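The structure appears right after this line, and notes come after that.
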Amino acid sequence: MATSAHTIAAPARATTAAGSATLRRGQGFQHGGWFVAPFLLLFALFVIWPLLRGVYLSFTDANITGEGASFVGLDNYREALDDPLVWDSLGHSAYFTLLVVPCITVLAFLLAMLAHHIERGKWLWRLCFFAPFLLPSTVAANLWQWLFNPGTGMIDHVFGLETPWLTDKSYAMLAIVITTLWWTVGFSFLLYLAALQGIPDHLYEAARLDGANAWHRMVRITLPLLRNITGLVIALQVLASLQVFDQAVVMMDFLPGPEGSTRTFVQYTLEEGFTSYRVGYASAISVIFFVIIAAVALARMWLLRNREESAR
């Protein structure tokens with residue numbers, strides 16, 4: 001009988017312990033929720049609510065005053081799809097992205113390799129490569145606007161050029177790309193440098209003993225181990241480049257550039273909302289752009305998941 005009672009009591013104690021653990025977890029979640037609540041409140045107030053409000057306005061003909069808005073259904077979206085300026089500005093943003101992303105990825109990797117392997121003055125090289133990223137966008141844009149100025153700019157004087165960087169549609173976007181590379185490469189450089197410092201030295205030592213030269217070590221060891229960082233850099237740069245706005249607007253003195261050649265998607269949205277006062281139409285354009293950005297992000301996640309599954 002004692003054995004039977006002990007056998008019956010053991011599951012009861014286990015059930016009681018499990019119930020107590022579950023209760024403690026529930027209490028911990030309740031207490032932890034108070035720490036998360038301020039963030040959730042601010043997130044809902046400044047992200048979720050504006051997003052939902054923007055989607056609602058995209059179905060109306062609201063103006064900048066917000067008065068007298070009426071429901072127009074999908075008219076704004078139909079107009080946006082037939083608007084040539086929408087497609088032109090989207091093409092400019094895509095063109096900027098295609099120029100910036102490969103250049104900044106390769107340049108950041110090369111600078112990180114240099115800063116990682118150089119022996120003297122490492123801190124100085126790292127500071128020089130990363131410091132421009134700390135500047136505000138308006139400061140960087142104004143600086144390069146002065147450098148590209150045909151009359152007083154340093155670029156033409158140093159290299160003996162007479163290029164109308166900011167007044168010719170063939171060069172205006174290229175000037176913005178150069179400015180962006182100088183200004184933002186420091187962030188990707190820092191990611192690559194941190195990843196390089198995480199590669200074990202014994203891998204390179206073993207490769208040297210096997211007779212591998214510097215090129216083979218980079219191709220067979222460094223690049224494969226930096227694959228995830230490269231994917232992260234490309235994804236972040238694509239999302240950031242599609243949303244280019246600050247440097248394009250400031251360098252062109254808040255104009256769309258020569259013959260509209262530097263008008264980006266975000267800039268056109270701003271023009272429709274705050275210059276033409278068509279908030280409803282601007283909201284529809286913003287929703288379309290949000291869908292494009294979300295599709296790019298989801299495509300990147302899908303490719304990453306498939307690559308991880310194939311690696312297994």
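The values are calculated or read from the model by the stated rules, or taken from the named source; none is laboratory data. This one's a predicted model, so the numbers in the text were calculated from it and none came from an experiment. Cβ: placed from backbone, ideal geometry, glycine included. Neighbour counts: every protein chain shown. Heads up: the accessible areas ignore ligands, DNA and RNA and are worked out on the full protein's heavy atoms, side chains in. Shrake-Rupley method; radii C 1.70, N 1.55, O 1.52, S 1.80 Å.
Would you check if there is a residue in the range 226-247 being aromatic (F, W, Y), surrounded by fewer than 19 Cβ atoms within 10 Å (Cβ to Cβ) and part of a helix (DSSP H, G or I)?
The answer is no; no qualifying residue exists.
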Considering the range 141-192 alone, what residues qualify as being in a loop (DSSP other than H, G, I, E, B), surrounded by 17 or more Cβ atoms within 10 Å (Cβ to Cβ) and of a type in the set (G, A, S)? G153
Residues of the range 69-107 classified as open to solvent by less than 80 Å² (accessible area, probe 1.4 Å) and part of a loop (DSSP other than H, G, I, E, B), total: 5
Is the range 131-142 home to any residue that is touching a His at 6+ places or on another chain (Cβ under 7 Å) and of a type in the set (A, V, I, L, M)? no
If G211 meets every condition in (1) out of contact with any Asp or Glu (no Cβ under 9 Å at 6 or more places or on another chain); (2) in contact (Cβ under 8 Å) with a residue 12 or more places away in the chain; (3) of a type outside the set (V, I, T) apart from one, which number is that one? (2)
Being open to solvent by less than 70 Å² (accessible area, probe 1.4 Å), part of a helix (DSSP H, G or I) and under 26 Å from T269 (Cβ atoms), is that true of even one residue in the range 130-137? yes
Got a number for residues in the range 255-278 being surrounded by 20 or more Cβ atoms within 10 Å (Cβ to Cβ) and either among the small types (G, A, S) or at pLDDT below 90 (or both)? 2
Pick from L99, L135, L174: which is at pLDDT 90 or above, closer than 21 Å to L190 by Cβ and out of contact with any Asp or Glu (no Cβ under 6 Å at 6 or more places or on another chain)? L135
I'd like to verify a number: residues in the range 264-288 that are touching a residue at least 40 places away in the same chain (Cβ under 8 Å) and touching a Phe, Trp or Tyr at 6+ places or on another chain (Cβ under 9 Å), how many? 11
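Scan the range 93-138 for residues that are of a type in the set (A, V, I, L, M) and farther than 17 Å from L236 by Cα and report the count.
12
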Look at I199 and say whether it is within 25 Å of V233 (Cβ to Cβ) and assigned to a loop (DSSP other than H, G, I, E, B). yes
Selected residue (criterion: farthest from F71 (Cα to Cα)) from residues of the range 37-59 that are over 25 Å from the mean Cα position of the chain (by Cα) and of a type in the set (A, V, I, L, M): A37
Is the range 112-124 home to any residue that is closer than 20 Å to T264 by Cβ and loosely packed, with under 14 Cβ neighbours inside 10 Å? no
For H116, work out the one condition from (1) modelled with pLDDT of 95 or more; (2) of a type outside the set (A, V, I, L, M); (3) over 25 Å from R263 (Cα atoms); (4) in contact with a Lys or Arg (Cβ under 9 Å, 6 or more places away or on another chain) it doesn't fulfil. (1)
Take the range 204-225 and flag every residue that is within 17 Å of H117 (Cβ to Cβ), in a helix (DSSP H, G or I) and open to solvent by less than 60 Å² (accessible area, probe 1.4 Å). Y204, A207, R217, M218, V219, I221, T222
Does V291 fit the bill of being modelled with pLDDT of 90 or more, among the aliphatic types (A, V, I, L, M), within 19 Å of the chain's Cα centre (by Cα) and loosely packed, with under 12 Cβ neighbours inside 10 Å? yes
Those residues of the range 50-63 which are of a type in the set (A, V, I, L, M) and open to solvent by less than 80 Å² (accessible area, probe 1.4 Å) amount to L51, V55, L57, A62
